[in-house]
Structure formats: C-alpha cells, structure tokens
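Right, one structure below, let's go through it.
The values are calculated or read from the model by the stated rules, or taken from the named source; none is laboratory data. All figures in this text were calculated on a predicted structure; none of them were measured in a lab. Cβ sites come from the backbone with ideal geometry, for glycine too, and all protein chains shown count toward neighbours. Remember, those area values only see protein heavy atoms, side chains included, never the ligands or the DNA or RNA. Shrake-Rupley method; radii C 1.70, N 1.55, O 1.52, S 1.80 Å.
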Amino acid sequence: MRSEFDSEGSIYPYIDSGRSTVAASAPTLHSLNTGSTPLSIPDLTTILSFWHGITTLGFIEAGPEEVLCIFRACPLLQKCKLISPDRELGDEIDVVVVHRQPIVMFHLRDAFFQDYTPFRMNQISARMEAPYLHHLGLANTVCDHAPWRRCTFEICEIVLECAGSLRSLGLDHFCMSKEHLWTYFTRATNLIKLRVDYNRVGDDDNDYDDGDGDDWYASGMFDREFLKAMTPQAKEGSDHDVEVLLPNLIEFVSFTTDSEWGPTFDEKDILRFTMSRQPSFASTNCLSELLCVAFWCKTLGGRESPRICGKNLI
C-alpha cells in the first residue's frame, strides 16, 4: 500500500532505533521519518512533550491510546504513518481510552494506518476528528480474515466521518465486508484517487497465511459489480443524466487475486469503463477525466493468470 509519504528524495531525518530517545526528544524536531522500518519507542508518552511542533511523523508503533496521545500532543501534525503493535488476532480487547473530549486535528491531511483492525480504528476515531483529511491509507499484513477473527464485523468509521474531505483512499487487504466497501464508495463521492489491493488473498506465500494455504476472504474485494456501478449508465428517459459511482476519479488502481476466491472480469467491461471516463464522454456527463487506470485481475476467455490492463495518460 503506497501512502502519500515519498521515501525517495525525502528530506526527513532518518534515525537509528538504538538512539530513538535522543533523536526523538530533540526540542526543535519538526519531522520524524523511519523509512519503511517501524520504530517502537518505549518511553513514547514521556517524549511527547517535545513533539508539539511535529508536522510529519513516519512509521511509529502505537496502540489506540498511544495514537490519541500523539494526536493530543501534536496539534500541528500534517502527515502520520502509524503501525499497530503485535496483537493476538483471536481477541480484541476494548481498551479504555481516557480522552473524553474529541481531539480535533485541524492540520492533518495525510494518514496511513497499518495493522489496525476496524475495531481498533474505531477506538481511535471515536475520540478524534480530522475535518480536513485528504489522504487515507488502511493496510493489513497480519490478518487472514478467518471467520472466527470477526474482523469484518465492524465498518471503519473514520472513512465515513472523513468522506466529505477525502480525495485519496487506499485499501490494502484491510478487513471489511462487501457491504462496507459499497458504503465507503457511496459516501466518499469526492475521491479523485483510489487504490484497492487484494492480490495476496488465497496466495500460499502470503505474509499472514498460517501454512495450510487457506485464505478466508471471500468478500470485501472489488469485483465486476463495482466496476459496472462506476461505468456511466444513462437514466431511463434521459440522454444526459447518468448514475455513476465515484464520478470524480482521475486515478484508479485495482489489484485482485488470481486464486479461486478472486473475482473474474470481462475485458469488455474494463474497456467500457475506461472509455466512459475519457474526455469526449466524461465532459458530456459531468465526470472527471480518468488519467490513470490499472487492473491486475483474472479475465474471461480462459486466462487463469492475472494480467495488467492499464492506461496511463499522465
């Protein structure tokens, strides 16, 4: 899952985890980025008093209550990349969050959360508001979505609460049901960039497989039904009015699995969707022009392996 963080050419200071306390407690610190390696800071709550000027925080390990402590201590935060500590997937404990008043993050524009279940995300969003959040990434690398995990029972409230301001959404194997995905898409109508990545589902070599080759994610992935809903369909009795999902998209990337769980697409549907978002048709129907589209998917016609169907006009 790619976030709006760009590690290449970044001017953010990299720190050695062995000297985390010294580096992270610098009183003039504004940006902290550990690259692709998460940083665990044992004395995080003590260091927070030095972070009032932080605007960028990259890949810090923090539980729901620690995340809220970070938000409260960093009112100027604009970008954050956070990862949940190791947890037992079979149980979700309702952590008592002590913050009673909502923490309003007026400056937060870009947030990436990895390995937080919807349950844990809701613990955070229940006490936090981000009225101007533009970019949101939700990633999972540890859950196999087995039914007893109960991981798809809750909708992720932060997507709904920030739907009006969101311009970019990334869902990387995040726990959800198909009904949740429909809700996200129908509410986040201002999205201009969307990435849905579920290519590891059913893969024997995936990172969260327990060794038996089974992956239980039978729903929650982008499929033909969504694609057709994103393709303009003229209303009966009208030549111009159309009903379409996510009308403002200019960039769309979809990765689906080639396992038996994965959806199958008709190449004609992909082509129809792509052409319907090109200038001649898009302008007529008040849609944004699609500048970039990429699919990794199974297609009809006997192809069993995934293939890329892409168009890049940028």
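Tabulated results
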{"quantity": "Single residue of the range 243-294 satisfying the filter (among the small types (Gly, Ala, Ser) and in a loop (DSSP other than H, G, I, E, B)) that is surrounded by the fewest Cβ atoms within 10 Å (Cβ to Cβ)", "calculated": "SER283"}
{"quantity": "Qualifying positions in the range 43-68 - without any contact (Cβ under 8 Å) to a residue 40 or more places away in the chain and farther than 16 Å from SER84 by Cβ", "calculated": "ASP43, THR45, THR46, ILE47, LEU48, SER49, PHE50, TRP51, HIS52, GLY53, ILE54"}
{"quantity": "Yes/no for TYR132 being of a type in the set (Ser, Thr, Tyr) and under 20 Å from GLU66 (Cα atoms)", "calculated": "no"}
{"quantity": "Residue in the range 55-76 that is over 24 Å from PHE119 (Cβ atoms), at pLDDT 90 or above and open to solvent by 50 Å² or more (accessible area, probe 1.4 Å) present", "calculated": "yes"}
{"quantity": "Search result, residues across the range 165-188 that are open to solvent by 10 Å² or more (accessible area, probe 1.4 Å), within 19 Å of GLU225 (Cα to Cα) and hydroxyl-bearing (Ser, Thr, Tyr)", "calculated": "SER177, THR183, THR186"}
{"quantity": "Hits in the range 99-119 - residues which are touching a Leu at 6+ places or on another chain (Cβ under 7 Å), among the hydrophobic types (A, V, I, L, M, F, W, C) and not in a strand (DSSP E or B)", "calculated": "MET105, LEU108"}
{"quantity": "Subset of the range 120-162 (residues that are open to solvent by 60 Å² or more (accessible area, probe 1.4 Å), closer than 17 Å to THR189 by Cβ and not in a loop (DSSP other than H, G, I, E, B))", "calculated": "GLU161"}
{"quantity": "Which numbered condition LEU313 misses (of (1) modelled with pLDDT under 90; (2) farther than 17 Å from LYS193 by Cα; (3) open to solvent by 40 Å² or more (accessible area, probe 1.4 Å))", "calculated": "(2)"}
